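Visitor: First the structure, then my questions, so here it is.
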Protein chains: 4
Amino acid sequence: SEQDGLVHGLTAAEVQLLSAKSSEAKAQAYCPYSLFRVGASLLLHPTPTSTSPTIITGANVENASYPVGTCAERVALGTAVHLGHRSGSFKALGVATDMDDFCSPCGMCRQFLREFLELDTPVFMFDKTGRYKVLTMGELLPMSFGPDVLPSRE
Amino acid sequence: SEQDGLVHGLTAAEVQLLSAKSSEAKAQAYCPYSLFRVGASLLLHPTPTSTSPTIITGANVENASYPVGTCAERVALGTAVHLGHRSGSFKALGVATDMDDFCSPCGMCRQFLREFLELDTPVFMFDKTGRYKVLTMGELLPMSFGPDVLPSRE
Amino acid sequence: SEQDGLVHGLTAAEVQLLSAKSSEAKAQAYCPYSLFRVGASLLLHPTPTSTSPTIITGANVENASYPVGTCAERVALGTAVHLGHRSGSFKALGVATDMDDFCSPCGMCRQFLREFLELDTPVFMFDKTGRYKVLTMGELLPMSFGPDVLPSRE
Amino acid sequence: SEQDGLVHGLTAAEVQLLSAKSSEAKAQAYCPYSLFRVGASLLLHPTPTSTSPTIITGANVENASYPVGTCAERVALGTAVHLGHRSGSFKALGVATDMDDFCSPCGMCRQFLREFLELDTPVFMFDKTGRYKVLTMGELLPMSFGPDVLPSRE
Ligand SMILES: [Zn+2]
Ligand SMILES: [Zn+2]
Ligand SMILES: [Zn+2]
Ligand SMILES: [Zn+2]
């Protein structure tokens, strides 16, 4: 899939944008307890009327009661869903930290993402220098439990 | 405190705005499992440069694994914190549902809010007709456990 | 209510037991991230066949992804519910920490407890010396959102 | 690995025990909102003094505020950790539901388990007839974020 110059369907410019936005988002983290800043960014699929890539970002928001805090990925996706985006809207997710190594979304975020991302949607994990590793949603949460398993009431 | 025409420091127009925005936000809820739509809106304190009231909204985002979903109040506040708002930024919270009765934030949201709202910040709970009941943050979570109890590492 | 020598329906011996068991439970905490040990204990109402007070305990279990961890109160009540106890089973909750001051359950735990404790069930918060402060479930989570508000499917 | 008659290190009798205990645990589920019963059981490694297999069980405990509820796997592991079990204690996890198909732990539970299970610890997912599928901890949460990544304070 890199034959066409794309990485999981993204142009080099889109990957660069995802990296920059994830890194910027990180600066807004509220993490006085872990001191572990995380930024996340969701790239939307273009729409008939969109003229430039749309990105929605988030950062982690911790709490004195640790289990009550939330992660960057869930802030970004919560904002996006509230803006009206649903399954089919998301082209890629980016995550950036201050780590030397690539850092993946936690299991809770993988489950939260699973509700809206396609199984082949790529997740770009950027290290602090901007290098990245990519896994798809389906690779991050194999044999997962999504909205198809537990029927909605609607 | 209603002598000056204010309700917990808000003008009638601000309360009306909070009601309208909370109700609008509700329309974006993703709640196929509970069918229980909730909208939330945070009114910011004016800044030296603000010319009109700023409101940040959220709606509930559920998940096939119920414990992984999140509430309207946390989506709104997560978005706000990511935008750079912190303690001292928030003038009031509004919550709207489709219930006949007033519906309060759940305990998890009260704890999440406690990290950033002052103890005297009012929370307006609107029923489906727009009537409301108000409790302050401190009344909703008495003898609470906030950032002052568990020292940060910073 | 202290006229009969009882504190919120508990004898001095029961309060002492709750204190001792909460403190013992604390020793089992897994809290490498916060270093904040918490123990909780639930005193059950006596049954026709019980010959001594039954106590079910819990301690906090943290996680590298902070929001995924859980609190002492939820471990204790999760264990109790799994053992078959439901609304009407619980006479009191005790919580113990290493703090100089009294430490209350977080908002998330208050909501988790609200599903099974009566509004007048006492919650004893012990400081590190064993002194305590008591609030009822209803006082800890006023105007709360319980199983009566959101109807079950059953 | 089935050459020695073992499935991921378990004898047929141990797998049968895990299935029976997971199914029994399911009967204790409190799930009025989803009506989706789940049981989980943890098989401990034998100790020098143990004469029979030790199993610790759990069931899901839901809440009127859906995000506040917890899953069977976390109730079982919370109980186990409170009993003093840590990394190195767990030989296998079993999960049972009423589904026709195999049902895996949600992402949040995978993360909670990751803190204490080895990457090669098997997770047996039983369908309602007792047939099973097995994935290891490492397969369920690839490239995961465990206690080794985020250093503890101790
Ligand atoms: Zn996460
Ligand atoms: Zn809530
Ligand atoms: Zn708690
Ligand atoms: Zn789960």
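The values are calculated or read from the model by the stated rules, or taken from the named source; none is laboratory data. Everything numeric in this text was worked out from a predicted model, so none of it was measured. Heads up, the Cβs are rebuilt from the backbone with ideal geometry, glycines too, and the neighbour counts pull from every protein chain shown. Surface areas here come from the heavy atoms of the whole protein model, side chains and all, with no ligands, DNA or RNA. Shrake-Rupley method; radii C 1.70, N 1.55, O 1.52, S 1.80 Å.
Visitor: Suppose we filter the stretch C:67-79 for residues that are away from ligand 4 (no atom under 16 Å from the Cβ) and without any contact (Cβ under 8 Å) to a residue 40 or more places away in the chain; how many remain?
Guide: Narrowing the stretch C:67-79 to residues away from ligand 4 (no atom under 16 Å from the Cβ): C:71-73, C:76-77, C:79.
Keeping just the survivors that are without any contact (Cβ under 8 Å) to a residue 40 or more places away in the chain gives C:71, C:77, C:79.
The qualifying residues number 3.
Visitor: Could you say whether any residue in the stretch B:80-94 is more than 14 Å from the chain's Cα centre (by Cα), within 30 Å of residue D:105 (Cβ to Cβ) and without any contact (Cβ under 8 Å) to a residue 24 or more places away in the chain?
Guide: yes
Visitor: Can you find a residue in the stretch B:55-78 that is closer than 28 Å to residue C:69 by Cα, under 10 Å from the mean Cα position of the chain (by Cα), outside any loop (DSSP other than H, G, I, E, B) and within 16 Å of ligand 1 (Cβ to nearest atom)?
Guide: First pass over the stretch B:55-78, keeping only residues closer than 28 Å to residue C:69 by Cα: B:57-78.
If we keep only those that are under 10 Å from the mean Cα position of the chain (by Cα) too, we end up with B:57-58, B:72-77.
Now drop any that are not outside any loop (DSSP other than H, G, I, E, B), which leaves B:57-58, B:72-77.
Keeping just the survivors that are within 16 Å of ligand 1 (Cβ to nearest atom) gives B:74-75.
Yes, because at least one residue in the stretch B:55-78 is closer than 28 Å to residue C:69 by Cα, under 10 Å from the mean Cα position of the chain (by Cα), outside any loop (DSSP other than H, G, I, E, B) and within 16 Å of ligand 1 (Cβ to nearest atom).
Visitor: Look at the stretch B:87-103 and say how many of its residues are within 14 Å of chain C (Cβ to nearest Cβ) and outside any strand (DSSP E or B).
Guide: Residues that pass the stated criteria total 6.
Visitor: Restricting the search to the stretch C:44-62, which residues are in contact with a Ser or Thr (Cβ under 7 Å, 6 or more places away or on another chain) and either among the acidic types (Asp, Glu) or open to solvent by 70 Å² or more (accessible area, probe 1.4 Å) (or both)?
Guide: Those that are in contact with a Ser or Thr (Cβ under 7 Å, 6 or more places away or on another chain) and either among the acidic types (Asp, Glu) or open to solvent by 70 Å² or more (accessible area, probe 1.4 Å) (or both): C:45, C:62.
Visitor: One residue is enough: does the stretch C:56-64 have a residue meeting the conditions away from ligand 3 (no atom under 16 Å from the Cβ) and modelled with pLDDT of 95 or more? Lay out the reasoning, then the answer.
Guide: Looking only at the stretch C:56-64, we keep the residues that are away from ligand 3 (no atom under 16 Å from the Cβ), and these are C:56, C:64.
From the residues that got through so far, the ones that are modelled with pLDDT of 95 or more too are C:56, C:64.
Yes, the stretch C:56-64 contains a residue that is away from ligand 3 (no atom under 16 Å from the Cβ) and modelled with pLDDT of 95 or more.
Visitor: Restricting to the stretch C:23-66, name every residue that is in contact with an Asp or Glu (Cβ under 9 Å, 6 or more places away or on another chain) and either among the hydrophobic types (A, V, I, L, M, F, W, C) or at positive phi (or both).
Guide: Matches in the stretch C:23-66: C:29, C:31, C:35, C:36, C:38, C:40, C:42, C:43, C:61, C:64.
Visitor: While we're looking at this one, here's another question. Kindly provide the set of residues from the stretch C:104-113 that are facing another protein chain (nearest Cβ under 7 Å) and either buried (at least 24 other Cβ atoms within 10 Å of the Cβ) or within 16 Å of ligand 1 (Cβ to nearest atom) (or both), ordered by number. Break it down into steps so the answer makes sense when it comes.
Guide: Residues of the stretch C:104-113 facing another protein chain (nearest Cβ under 7 Å): C:104, C:106-108, C:110-112.
Selection gives C:106, C:107, C:108, C:110, C:111, C:112.
Visitor: Another question, if that's okay. Assess whether residue D:15 counts as being in contact (Cβ under 8 Å) with a residue 40 or more places away in the chain and either surrounded by fewer than 24 Cβ atoms within 10 Å (Cβ to Cβ) or among the polar types (S, T, N, Q) (or both). Spell out how you get there, then give the answer.
Guide: Numbers: in contact (Cβ under 8 Å) with a residue 40 or more places away in the chain: yes; either surrounded by fewer than 24 Cβ atoms within 10 Å (Cβ to Cβ) or among the polar types (S, T, N, Q) (or both): yes.
When the stated conditions are applied, residue D:15 passes them.
Visitor: Identify, by number, the condition in (1) of a type in the set (A, V, I, L, M); (2) out of contact with any strand residue (DSSP E or B) (no Cβ under 7 Å at 6 or more places or on another chain); (3) in contact (Cβ under 8 Å) with a residue 60 or more places away in the chain that residue C:64 doesn't meet.
Guide: That leaves (3) as the condition not met.
Visitor: Scan the stretch A:76-86 residue by residue and report those that are open to solvent by less than 10 Å² (accessible area, probe 1.4 Å) and either closer than 15 Å to residue A:147 by Cβ or within 7 Å of chain B (Cβ to nearest Cβ) (or both).
Guide: At the first step, the residues of the stretch A:76-86 found to be open to solvent by less than 10 Å² (accessible area, probe 1.4 Å) are A:76-78, A:80-81.
Scanning the stretch A:76-86 gives A:77, A:78, A:81.
Visitor: Testing residue D:66 on (1) among the aromatic types (Phe, Trp, Tyr); (2) surrounded by fewer than 24 Cβ atoms within 10 Å (Cβ to Cβ); (3) within 13 Å of chain A (Cβ to nearest Cβ), one condition comes back false. Which one is that?
Guide: (2)
Visitor: Of all residues in the stretch A:27-43, which are open to solvent by less than 20 Å² (accessible area, probe 1.4 Å), touching a strand residue (DSSP E or B) at 6+ places or on another chain (Cβ under 6 Å) and either more than 15 Å from ligand 1 (Cβ to nearest atom) or not small (Gly, Ala, Ser) (or both)?
Guide: Correct list: A:38, A:42, A:43.
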